[in-house]
Amino acid sequence: MIIELGHFALILALCTATIQMILPLIGASRGWPGWMEAARPAATAQCLLLVFAFGALTYGFVTSDFSLRVVVSNSHTAKPMLYKITGVWGNHEGSMLLWSLIVALYGAMAAWFGGNLPSTLRARVLGVQGAIGIAFLSFLIFTSNPFERLAVPPFNGEDLNPLLQDPGLAFHPPFLYLGYVGLSMSFSFAIAALIEGRVDAAWGRWVRPWTLAAWLFLTVGISLGSWWAYYELGWGGFWFWDPVENASFMPWLLAAALLHSAIVVEKREALKSWTILLAILAFGFSMIGAFIVRSGVLTSVHAFATDPERGVYLLAITGVFMGGGLMLYAARAGAMEAKGVFSTLSRESALVANNVLLAVACFVVFIGTVWPLIAELFFDRKLSVGPPFFDAAFTPFAVALLAILPIGATMPWKRARIGRVMRPLWGAMALSIAVGALIWVMQTGGNMLAPVGSALALWLLLGTVIDLWSRGGRGGIGTRLRRIARLPRADWGKAVAHAGVAVTAFGMTALLAWESEDIRIARVGEPFEVAGYTVTLDEVEETRGPNYFSTMGRMTITRDGTEIAVLRPEKRIYPVARVPTTEAAIDSTVLRDLYLVIGDPQDDGGWTVRTYVKPFAGWIWAGFIIMALGGVLSLTDRRFRVAAGADHRRKSGGARAVPAE
């Protein structure tokens, strides 16, 4: 009965989304307040209906209701409860229900907290959000129904993909979807602004918190996925330029660009057309990511292998929203007249450079991701584009971004003098170059990755500190510190996020440059040396988990006769799914990770063992955490509340607007 009610709630949600789209858009165009106000209860009702539907599907997984096709395909009675719950979104149908729920949740939040938005703008934003809800709910109901029943239920299920039975990946999709779908709000604000023919400083204030929230959730989701790949896949890397990884990375880059360009709209009423375009492209790339993951056109270790028909449907949704948005943008771009002017040397110009680098970097990643598909379709050639291409193509943009960030952050608005801007930064630049040179000498030349990466990371970190210090004004140290402490949380959030980028950049370059790797056949009781550590395989035993069998090695790590750690790498077999997984054993400190993987037994009694010593590996995810903390700090700034922009408009007697053509 609960399952049927959940299915019914899903259908009602589609009907409610239709009301949410039609009534407010007509009401806004005709100036009918009652019709515009219908958007708010409709958005709330759609959200509540989808919460119930999602709860009903969760109930089906928790109780192992094998009359549901999706439960049979993705669950098993022996599976731990955590993975029964996460199995709800560990499949195509359930994850699309989660996607639709988050679309409705964002719309409901705009209805709940957007009371001080202009009524026509709020109605149009909620109307566009309702249209997005219609698209994905119809896709869900007609092609990917999670409540589809089986005529003859089996006694047990086929289990969830063992690679997904991990805490890191359990929470990775919800955060990622909160980021993907969060960009739908930026898109809705952009389309609403195009319909009205008005973009002003208040609009920039309104769109920033939604974009910031999406970027924050994407940051957390990407970091969880990277962390999972690092310790679960057993390859020892943190990023592989996999198509699914790229599908989340591209919207993250565009969200970062949008976040910075919205600042220019808010502060200077410039870059209006560019900001609107970024909002359309950012959500468009989120939908492209959904297509890549679910269409089966590109191979990935953690993609949903679904039929091409669903991919065509998703491609059509992408075409309608992205193509329609771009057509409306082309028709209205002339109305987005910029108010502020600025010189070549100014903070605005630095943010333009930031935007260009991020957007072009995204385009490069996109070309590398889809090129195998293009080559097969148009040139009848099968090829793969791997890390060498992405590393060579993406790295110059990353280097340029790190180099200009400290300078751009300290530049004044409208007009800057490079001598005055660089005066407090010369010492930081000299120290950074000196540290890079010292590292190069200490490693006796060779690869320039570590010296350059370390110098740039230190340059960004010192530049961030100098920027904060300069905001303290004149006076003694105590006076300055008190002024710095009273800075708006958005300023602190920016500084913390930039510091996180520096920490992550250093961790990545240090690991890639100084990593040690050893692959050998190890025998029980015979020690071997790796980068100054002595590794001994003590024993290998067969163990059993709740729903898997494990071959577990016991390995002792010593250095100079002192025991460092005892690690237990595993190789698991999940008998229901008949899929093996690798469970790396990792000993982490601030300065390095010891990373062990046990492989298959050999005919002579030995075991394949891979050993890595990864310097500063933990700094990569520490940087992500710091970046996310910066996003949280910025979101708590009272100026970023949705209504703040409207309050500003009301108190200032109305914002400047460009009339619709």
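The values are calculated or read from the model by the stated rules, or taken from the named source; none is laboratory data. Not measured: the values here are computed from a predicted model. We place every Cβ from the backbone using ideal geometry, glycine too, and count neighbours over all the protein chains shown.
Here are the numbers for the structure shown:
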quantity	calculated
Condition broken by residue 366, with the remaining ones in (1) at pLDDT below 90; (2) in a helix (DSSP H, G or I); (3) aromatic (Phe, Trp, Tyr) satisfied	(1)
Filtered residues of the stretch 62-75 (kept if surrounded by 22 or more Cβ atoms within 10 Å (Cβ to Cβ) and in a loop (DSSP other than H, G, I, E, B))	75
Scan of the stretch 141-155 for residues that are under 35 Å from the mean Cα position of the chain (by Cα), surrounded by 14 or more Cβ atoms within 10 Å (Cβ to Cβ) and not aromatic (Phe, Trp, Tyr), ordered by number	141, 143, 144, 145, 146
Residue 90 vs. criteria closer than 22 Å to residue 37 by Cα and either in contact with a Gly (Cβ under 7 Å, 6 or more places away or on another chain) or of a type outside the set (A, V, I, L, M) (or both)	no
Residue match in the stretch 97-104 (condition: on the phi < 0 side of the Ramachandran plot, at pLDDT below 90, assigned by TED's automatic domain parsing to the domain that holds residue 32 and in a helix (DSSP H, G or I))	no
Qualifying positions in the stretch 374-386 - in a helix (DSSP H, G or I) and surrounded by 14 or more Cβ atoms within 10 Å (Cβ to Cβ)	375
Count of residues meeting criterion [exposed (fewer than 14 other Cβ atoms within 10 Å of the Cβ) and basic (Lys, Arg)] in the stretch 387-423	3
Criterion (at pLDDT below 85 and assigned to a helix (DSSP H, G or I)) met by exactly one of 478, 473, 493	478
Test: residue in the stretch 65-75 that is modelled with pLDDT under 90, on the phi < 0 side of the Ramachandran plot and either touching a Ser or Thr at 6+ places or on another chain (Cβ under 6 Å) or of a type in the set (Ser, Thr, Tyr) (or both)	yes
Which numbered condition residue 138 misses (of (1) under 23 Å from residue 23 (Cβ atoms); (2) crowded, with 24+ Cβ neighbours inside 10 Å)	(2)
Verdict on residue 347 being at pLDDT below 90, out of contact with any helix residue (DSSP H, G or I) (no Cβ under 6 Å at 6 or more places or on another chain), buried (at least 19 other Cβ atoms within 10 Å of the Cβ) and not β-branched (Val, Ile, Thr)	yes
The stretch 426-444 residues that are farther than 10 Å from residue 458 by Cβ, paired with ones that are surrounded by fewer than 11 Cβ atoms within 10 Å (Cβ to Cβ) (beta carbon under 9 Å, 6 or more apart)	440/446
All positions within the stretch 548-607 that are surrounded by fewer than 17 Cβ atoms within 10 Å (Cβ to Cβ), within 15 Å of residue 166 (Cβ to Cβ) and in contact with a Leu (Cβ under 9 Å, 6 or more places away or on another chain)	579
Any hit, the stretch 77-94, residues being over 26 Å from the mean Cα position of the chain (by Cα) and either surrounded by 19 or more Cβ atoms within 10 Å (Cβ to Cβ) or closer than 22 Å to residue 293 by Cβ (or both)	yes
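Yes/no per residue for (1) more than 22 Å from residue 245 (Cα to Cα); (2) polar (S, T, N, Q); (3) not in a helix (DSSP H, G or I):
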{"site": "353", "(1), (2), (3)": "yes, no, no"}
{"site": "401", "(1), (2), (3)": "no, no, no"}
{"site": "404", "(1), (2), (3)": "yes, no, no"}
{"site": "408", "(1), (2), (3)": "yes, no, no"}
{"site": "413", "(1), (2), (3)": "yes, no, yes"}
{"site": "434", "(1), (2), (3)": "yes, no, no"}
